[in-house]
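The values are calculated or read from the model by the stated rules, or taken from the named source; none is laboratory data. Source: prediction; values computed, not measured. Every residue, glycine among them, receives a Cβ derived from its backbone with ideal geometry; neighbour counts consider all protein chains shown. Note: areas computed on protein heavy atoms with side chains; ligands, DNA, RNA excluded. Shrake-Rupley method; radii C 1.70, N 1.55, O 1.52, S 1.80 Å.
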Amino acid sequence: MEEIITIVIPVYNREVLLERTLHSIVEQTYRPLHLILVDNNSKDHSLTICYQFQAEYSKEDFRIDVLQELKPGANAARNRGLREVASDWVMFFDSDDELIPGAISRIVRTISRYPQAEIIGFTAKRYLPNGRKANKRCCFTAKVEDQVIYGMISTQCFIVRTELLRLLGGWNEDLMAWQDWNMGIRILMQTRRIVWIKRPVLVKIHEHAKSITGANFVSNKEVHFHTIEVTEKYIDESSLKNKKRVIHYIYLKMLYLAGMYRYEKNKALSLNTWNIFLQKESPSFFKKGMYYLLYRYIGFGGPGGGTLLRWLF
């Protein structure tokens with residue numbers, strides 16, 4: 001039976017969490033399946049765990065490859081794995097999350113049911129450090145604008161045709177944060193053939209201080225701004241028909257960041273980001289007032305800031 005799906009996982013210093021992720025994959029009942037683990041200069045025993053897992057679980061219908069990528073960054077590791085993918089579909093997963101039992105079987109059934117699809121999206125539940133659980137916010141559309149606001153195409157929550165991803169040139173290796181946000185935008189600029197598995201939740205996202213996204217927004221301000229600038233330039237230089245509207249949503253993302261910086265008690269950075277947003281957006285007096293109210297709402301910790309951005313503007 002031909003392999004339909006390859007799962008690529010970049011690994012960096014995950015010796016404490018990695019085995020949970022790997023066992024959630026080997027326990028998937030669907031076969032055949034190909035798993036590619038790409039160690040990205042781990043300083044702990046992550047690479048050893050990968051080799052041990054390969055030795056114990058690799059079979060004819062469950063192939064496991066362990067690779068190494070010396071260039072720093074999850075995207076470099078993802079692209080290293082992508083070069084070895086031979087299946088029609090590729091899924092990128094994080095080394096600290098879990099697939100629920102039966103997830104791959106459900107995804108494959110969806111692929112069979114919608115042969116014209118080029119992306120399959122699905123949902124996740126977030127497991128927070130304080131012990132609480134929350135569904136990951138998602139917007140079941142194919143609109144680039146919604147990806148800008150919601151980031152619904154996140155690393156753990158989609159599978160894509162390998163040919164399409166290679167056509168896009170793979171992952172941008174210069175980005176160190178919001179890489180999947182950027183990738184989702186690029187994918188939806190190329191195709192809107194996405195099918196959503198709304199229920200059940202297929203992924204458990206375990207959030208912690210050492211996640212790629214970091215513990216807060218302030219600590220990632222440089223890499224977030226860099227990703228925004230790179231993405232804005234990519235859209236501006238594209239032939240996308242509604243690119244001015246999409247860039248408008250990119251600016252709204254900066255407004256959201258300004259509010260979050262205020263919420264995280266960095267008033268100087270918050271005001272600086274707010275002023276950058278105003279320079280780029282050049283709003284009317286009335287809109288500036290509405291933006292300011294939303295900026296302060298997010299800054300006070302008001303829920304659903306991204307949703308309000310989408311609804312109001």
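A few notes on this one:
- Sites R193 and Y297, calculated FRET efficiency, Cβ-Cβ separation with R0 25 Å, nearest 0.05: 0.10
- Per-pair calculated FRET efficiency, R0 = 25 Å: R132 and V16 via Cβ, rounded to 0.05: 0.75
- Kirkwood estimate for the chain, i.e. one over the average of 1/r between Cα atoms, Å: 20.3
- Carbon plus sulfur fraction of accessible area for the chain, probe 1.4 Å, in percent: 51
- Separation of the T29 and D236 label points, Cα + 7 Å toward Cβ, nm: 5.3
- Only Cα pairs under 8 Å and 6+ residues apart enter the sum, and on that basis the relative contact order of the stretch 1-88 stands at 38 percent.
- Heavy atoms of the protein chains alone define the surface here; on that basis the chain has 47 Å² accessible area per residue at 1.4 Å probe size.
- A55-T141 FRET efficiency (beta carbon distance; Förster radius 35 Å; 0.05 resolution): 0.20
- Per-residue [θ]222 nm for the chain (sum of -39500 (n - 2.57) over DSSP H runs n ≥ 4, rounded to 500): -14000 deg cm²/dmol
- Debye intensity ratio in log₁₀ form over the Cα atoms of the stretch 1-110, taken at each q of 0.10, 0.17 Å⁻¹: -0.25, -0.74
- Each Lys or Arg adds one and each Asp or Glu subtracts one; over the other residues with Cβ under 12 Å from the Cβ of H226, this totals -2.
- Put simply, the amide H of S42, placed in the peptide plane, has neighbours under 5 Å in N13, leaving out anything fewer than 5 places away on its chain.
- Within-14-Å neighbourhood charge of Y57 [Cβ basis; K, R +1; D, E -1]: -3
- Placing dummy labels 7 Å off each Cα toward the beta-carbon, the span from K267 to K288 is 2.1 nm.
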